[in-house]
Structures are given as structure tokens and as C-alpha cells.
Amino acid sequence: QVLLVESGGGLVQAGGSLRLSCTASRLTFSSYAMGWFRQAPGKERDFVAAISRSATRTYYADSVKGRFTISRDNAKNTMYLQMNSLKPEDTAVYYCAADLTPLPSLRGNDYDYWGQGTQVTVSS
């Protein structure tokens with residue numbers, strides 16, 4: 001069974017930084033495009049960022065452009081999300097997802113596997 005495990009969430013003050021990790025097992029990680037999504041309480045799940053399987057292409061939601069950076073290390077079966085200049089509106093549960101395509105989708109329904117999520121809370 002494919003397993004995606006997120007880590008690195010926590011409580012941070014506005015303006016601070018966090019780095020999320022997503023480690024995959026039981027899949028050929030380099031065959032999957034990967035994405036980060038988030039869901040705040042009472043809201044729908046939103047796209048945050050995505051990266052192609054070769055890491056040559058990255059995509060970001062407008063709300064995080066210039067502040068977040070997505071990356072991956074296929075040798076370690078791990079994807080990252082570096083989050084800088086965090087704002088209270090970034091507070092959410094962050095999920096990683098895997099999509100068996102060369103280029104990632106911005107739509108969550110297209111993804112094949114999901115992690116359990118990690119909480120990010122940004123205080124004002």
C-alpha cells in the first residue's frame with residue numbers, strides 16, 4: 001500500500017518560516033508528479049503548489065507565489081515545501097499528493113494518493 005507521510009508542520013508567528021516534507025514509500029516516486037494542497041477549517045481544499053516528476057516544472061497558487069518554494073529529491077523519495085513570510089491566512093492542514101503523470105494537475109481530484117496531512121498554524 002502506497003504511503004505518503006507529511007511532517008514539519010507546527011505553530012509559527014506571522015513572518016516566520018516552516019519547511020514541510022512529504023516522504024513516499026511503496027511507489028516509484030520519480031514516476032509521479034507531486035502536489036501540495038491545504039484545507040482551512042470550514043473551507044474547501046485548495047491547491048498550493050506542484051512539481052513535475054523530473055522537477056523541471058513547478059506551479060504555485062497566486063496566494064503563495066514568491067513566498068513558498070516546492071522541491072523534491074527523487075533519491076530520497078521526498079518532496080518539500082519551504083514556506084517563508086507566513087501569514088495567518090496560511091493556517092490550514094497541508095496535504096501532499098501523488099499523481100501518476102509527467103506534469104502535475106492543479107486539481108486535487110486528479111491525484112492518485114494522499115497523505116494524512118500536517119497542521120500549520122500561523123499566529124498574528
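The values are calculated or read from the model by the stated rules, or taken from the named source; none is laboratory data. Here the structure is a predicted model, which is why all the values come from computation and not from measurement. Because the Cβ atoms are built from the backbone with ideal geometry, glycine has one as well, and the counts that use them run over all protein chains shown. Each accessible area value is taken on the protein alone, full model and side chains, heavy atoms only, with ligands, DNA and RNA left out. Shrake-Rupley method; radii C 1.70, N 1.55, O 1.52, S 1.80 Å.
Counted residue by residue at 0.36 nm each, then reduced by the alpha carbon distance between them, the extension gain from S31 to S54 reaches 7.4 nm.
Compared with the rule-of-thumb size 2.2 N^0.38 Å for a compact globular protein, the chain has a Cα radius of gyration ratio of 0.97. Treating r as the C-beta distance of D112 and K43 and R0 as 30 Å, the FRET efficiency rounds to 0.80. Annotation: per residue accessible area for region 1-61 equals 52 Å², rounded to a whole number [probe 1.4 Å, protein chains only].
Note on the chain: with neighbouring protein chains present and a 1.4 Å probe, carbon and sulfur make up 45 percent of its accessible heavy-atom surface. Within region 1-103, the trypsin sites (Lys or Arg not before Pro) that combine a DSSP coil assignment with at most 13 other C-beta atoms in a 10 angstrom radius are R26, K43, R57, K65. Which lysines have a Cα less than 26 Å from the Cα of K76, not counting those fewer than 8 places away in the same chain? Output for K76: K65.
Sorting T56, T101 on solvent-accessible area from highest to lowest, probe radius 1.4 Å, gives T56, T101. Protein-only accessible surface at a 1.4 angstrom probe places the residues E89, E44, E6 in the order E44, E89, E6, largest first.
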